[in-house]
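Worksheet: one structure, shown below.
What follows is calculated from the coordinates using simple rules that are stated; it is not laboratory data. Note that the structure is predicted; figures quoted are calculated from it, not measured. Every residue, glycine among them, receives a Cβ derived from its backbone with ideal geometry; neighbour counts consider all protein chains shown.
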Amino acid sequence: MLEIMEGSHAVAEAVGYCRPQVIAAYPITPQTHIVEALADMAANCRIDAEYITVESEFSALSACLGASAAGSRVYSATTSQGLALMFEVCFNCAGMRLPVVMSIVNRALGAPLSIWNDQQDSISLRDSGWLQLYAEDNQEATDLHYLAYRVAEDHRILLPAFVCFDGFILSHTYEPVDMLTQEQVDGFLPPFRPYQKLDAADPISFGLFASPDYYMEFRYAIDQAMNRARTVIPEAGKVFSEMFGRDYSGLVEEYRLDDADCAIVAMGSICGTVKDAIDDMRNVGKKVGLLKLRAFRPFPVNEVQKALKGVSTVAVLDKNISLGSKGAVALEVRDALYGTQIPVYDFIIALGGRDVRKKDIAAVVAHAEAGKGDTYYGLREEVLK
Amino acid sequence: MNDEAACVLFDSGHRACGGCAAAMAARLILDAAGKDTIVVSSTGCMEVFSTPYPETAWNVPWIHSLFENNSAVASGIVASLAKQGRKEKVIALGGDGATFDIGILCLSGAFERGHDFTYICYDNEAYMNTGIQRSGATPYDASTTTSPAGSCSSGNPRPKKDLPAILAAHGAPYVATTSIAYPPDLKKKVEKAVRTPGPCYIQIHAPCCTGWGFEGEKSIAIGKLAIETGLFVLYEMENGVVTKVKKVVRKPVEEYLIEQKRFRHLFKPRRNDAEIAKIQAIADRNAEKFGIDIKLKK
């Protein structure tokens, strides 16, 4: 049944249906509504979870790490500075193969301080060994949590997962959401079955130190699990679509791309604006399409190659910048298309919450088709002076 | 191992230095806590010498995550066990650097929240794993690699942080200090801490032969001298009140200092009476504060 819900509250409901046993989180804008809602659910026995009110995001993820190692399904949520504070623990969770699931309500990183949206926070953790899924709207943001738990806890994967959705643009926006029931979620997401756990009946050691004789093999094993996720995510997405009718069987999603000359590549809520802009451009005869990335880690190399095979121009919208280089998405797309003659133009856009309108998307396409790109879009020259 | 009595919970074959008090502490802690214990170690000497992959000295469930987060990891484990209805005891173990300095945020948070676990600090009074740098637990005038004695320095310029008092102020039901030189005292206090509901803290004075500069066979003797001079006091605090103190016939601090290279600069090239007197004054204040002096009848 469709309900009009704030993004944060929809996600909190979905997380509740995933039956987390331990939740540890710390307030930070624009994530706070999620953990407030979960605290309220715990206080009213709507969820059966230990809720730890930690003193920092660093401890939030550390507590999740401990609880996961002890055999519980865990949940946390954060954004921006909070995620930056978790940096060390993020690498640890992945290295210890603990399937923690965390919502990232994407927000810019300071300085200067900004509470508004871009994707610099999660992108900056791209090398940490977490699966990264990005949602376009609140429906997808809720559904991806069910998917994330199922994939992360799969014994072929055993990796932690970010479910990323844009701060304010989604988290604070009311949209119709088709919320699954507890029974439906239980049918899709089996109870957590830890591969190993801290247990006095069967004592094992977690988190040993590895000499140069062993370290590389651990890293390789994580990377192999990431590679397996390229098939396990679509597999779980297919089951989801068969059960509930919404299709998440692809690591990417195409919109009017079949006969497109110019392809826009993007992640997150901006895809909604892009689709509208594409409809407008199509109405005046411009053959433009969208390739939306649902997964950024693992990066869907084959899907990107296949989807962009027939286009003549690619414009990538990056809500992040790897300072001193380019946007992270464009670098990956260019790598995927290496050896082809398809030009890939990068546009750094919407940093720190700057609004993007349909006419901006049209302008980006015009730039790319004129052979211009690898630039920031929408800089205010008068501020730079 | 089937024979429980023969099961050594902290096993031999690890890579600690000969005479390492931290290794002795680990064995005594588990002797006291028993096999139904989950240990959370912070990064440090003990973690490194006991768990070089693919080996481990731990015959209880053991986890190491990071340097500064053992209290937070323990919080999560305690919550998870509670949800599962499991009864294992949880001990977080850290050196003084992990405990006094980099991990104090997590430690304070976990104690304020009142999780049922025991935090044990093996206090060897400096960052030993990285090569003897000063920490908040390093005593006044100790020479370390980041507080070296020199022509215009007599070593560490600050006294030891009073961490037991800080944790008692969090409302911890049981806070105790002990020493590797007094194994029955150590075991008794660990037993009491793991039995006591809520967050408990034990600080184990653990002389480091490598870092302090003495021969490994002297670890116990040096540990005893710390207590006998009043520079480290053995006591228990229950709900913020000191309930038990080990009394001693006090020896001059010089007897303790002169045995260790970290205080050598107080005696060579020439004796520094002024600094030795300051250290004696620290011991005198400890003695007065805790009432440790046994008055001998004349």
Item to check | Subset of the stretch A:68-91 that is surrounded by fewer than 24 Cβ atoms within 10 Å (Cβ to Cβ) and either of a type in the set (Asp, Glu) or at the interface with chain B (Cβ under 10 Å from one of its Cβ atoms) (or both) - its residue that is nearest to A:TYR51 (Cα to Cα) | outcome: A:GLY71
Checklist entry - Looking at the stretch B:83-99, which of its residues are surrounded by fewer than 24 Cβ atoms within 10 Å (Cβ to Cβ) and out of contact with any strand residue (DSSP E or B) (no Cβ under 6 Å at 6 or more places or on another chain)? => result B:GLN84, B:GLY85, B:ARG86, B:LYS87
Item to check | Extreme residue, farthest from the other protein chains (Cβ to nearest Cβ), among residues of the stretch A:14-30 that are β-branched (Val, Ile, Thr) and not in a loop (DSSP other than H, G, I, E, B) | outcome: A:VAL15
Next on the checklist: So in the stretch A:331-367, with the set limited to residues that are closer than 21 Å to A:LYS287 by Cα and small (Gly, Ala, Ser), which one is surrounded by the most Cβ atoms within 10 Å (Cβ to Cβ)?
Outcome noted: A:ALA362
Next on the checklist: Please go through the stretch B:129-159 and give me each residue that is in contact with a Ser or Thr (Cβ under 7 Å, 6 or more places away or on another chain) and among the hydrophobic types (A, V, I, L, M, F, W, C), ordered by number.
Outcome noted: B:ILE132, B:ALA149
Next on the checklist: Just the residues that are within 13 Å of A:CYS262 (Cα to Cα) and either free of Cβ contacts under 8 Å to residues at least 24 places away in the same chain or out of contact with any Ser or Thr (no Cβ under 9 Å at 6 or more places or on another chain) (or both), please, taken from the stretch A:345-371.
Outcome noted: A:ALA362, A:ALA363, A:VAL364, A:ALA366, A:ALA370
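Per-residue answers, yes or no, for (1) in contact (Cβ under 8 Å) with a residue 12 or more places away in the chain; (2) of a type outside the set (Lys, Arg); (3) buried (at least 22 other Cβ atoms within 10 Å of the Cβ); (4) farther than 18 Å from B:ALA137 by Cβ:
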| residue | (1), (2), (3), (4) |
| --- | --- |
| B:ILE202 | yes, yes, yes, no |
| B:PRO207 | yes, yes, yes, no |
| B:TRP212 | yes, yes, yes, no |
| B:LEU234 | yes, yes, yes, no |
| B:THR243 | no, yes, no, yes |
| B:LYS251 | yes, no, no, yes |
| B:LEU266 | yes, yes, yes, yes |
| B:ALA287 | yes, yes, no, yes |
Item to check | Selection from the stretch B:91-109 of residues that are at the interface with chain A (Cβ under 8 Å from one of its Cβ atoms) and aliphatic (A, V, I, L, M) | outcome: B:LEU105
Checklist outcome for this item: Screening B:GLN84, B:GLN133 for residues that are more than 14 Å from chain A (Cβ to nearest Cβ) and on the phi < 0 side of the Ramachandran plot leaves only B:GLN133
Next on the checklist: Suppose we keep only residues that are surrounded by fewer than 24 Cβ atoms within 10 Å (Cβ to Cβ) and under 20 Å from A:ALA67 (Cβ atoms) within the stretch B:36-57. Which one would you say is farthest from the other protein chains (Cβ to nearest Cβ)?
Outcome noted: B:THR37
Checklist entry - Within the stretch A:190-218, how many residues are within 7 Å of chain B (Cβ to nearest Cβ) and surrounded by 10 or more Cβ atoms within 10 Å (Cβ to Cβ)? => result 12
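The rows are residues; the columns are (1) closer than 18 Å to B:THR243 by Cβ; (2) crowded, with 16+ Cβ neighbours inside 10 Å.
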residue	(1), (2)
B:PRO159	no, no
B:PRO164	yes, yes
B:HIS170	yes, yes
B:PRO173	yes, yes
B:THR178	yes, yes
B:ASP185	yes, yes
B:LYS188	yes, no
B:ALA193	yes, yes
Checklist entry - Only one of A:ARG97, A:ARG156 is more than 14 Å from chain B (Cβ to nearest Cβ) and surrounded by fewer than 24 Cβ atoms within 10 Å (Cβ to Cβ); which? => result A:ARG156
Checklist entry - Considering the stretch B:246-266 alone, what residues qualify as being over 20 Å from B:ALA221 (Cα atoms) and among the hydrophobic types (A, V, I, L, M, F, W, C)? => result B:LEU266
Checklist entry - What is the one condition in (1) under 24 Å from B:PRO197 (Cα atoms); (2) surrounded by fewer than 19 Cβ atoms within 10 Å (Cβ to Cβ); (3) in contact (Cβ under 8 Å) with a residue 12 or more places away in the chain that B:THR145 does not satisfy? => result (1)
